[in-house]
Amino acid sequence: MNDRFSKGYKTIKQYVTKEEAARMIEADALADVAPDLRKMIIEFAYGDVYSRPGLDAKSRAFVVITAVVTQGVAPQTKTHIKRGLHAGLTQTEIVEALLQLVPYIGFPRVQNALTSFSGVQTSAERS
C-alpha cells in the first residue's frame, strides 16, 4: 500500500462504514476485468481529490451526488446517495438538492435520481 492509497482509504471511511471500506478492497466485483480500477479510484478520487482542504465531507458529498445525477448514471447515483447519508446529509437535504436540478437537467434525470434515492431508503429500512 502506498501513501496515496493509504490516504484515500482513510478518506473513504468518512463516506462508508469500516466494513464497507474493507469490502471495497476485498470484494471488488471488477477485479477480474480491471484489477487496477479500484486502486485508481481510491488513490486518485479519494487520496488526491476528496482529501483536499476547503470542503467538509457533507459539502463534498453534495457536489458528487449532483455530478453523478447530471451524468444520468443510476448505479453511481445510488452509491453516492448512500455515501452522502453516511457523511451526514439528511434525506431532506438530498431531496431538495435533487429538486434544484430540475431546471438544469430536466425532470427525467431528477425523477431517476429520486427513484435511486427511494431505493436507498427502502434498503436502509430493511436493514
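Only the coordinates and a few stated rules stand behind these numbers; no lab work does. Keep in mind that this is a model prediction, so the values were computed, not measured. Here Cβ is always computed from backbone atoms with ideal geometry, including for glycine, and neighbour counts include all displayed protein chains.
Data table
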| quantity | calculated |
| --- | --- |
| For peptides 94-101, 58-65, sequence by mean Cβ density within 10 Å, most packed first | 58-65, 94-101 |
| Entry for P(r) over Cα pairs in 5 Å bins from 0, in percent (calculated from the structure that is shown) out of (i) 2, 11, 22, 25, 20, 13, 6, 2, 1, 0; (ii) 2, 11, 19, 22, 19, 15, 9, 3, 0; (iii) 2, 10, 16, 14, 11, 9, 8, 7, 6, 5, 4, 3, 2, 2, 1, 1, 0, 0 | (ii) |
| Phi-based couplings in Hz for the stretch 111-117 (Karplus 6.51, -1.76, 1.60; Gly and Pro marked x) | 4, 4, 5, 5, 5, 4, 4 |
| Gap separating the Cα centres of the stretch 6-39 and the stretch 53-105, nearest whole Å | 20 |
| Dipole magnitude (debye, nearest 20) for the stretch 1-58, charges at Cβ of Lys, Arg, Asp, Glu | 280 |
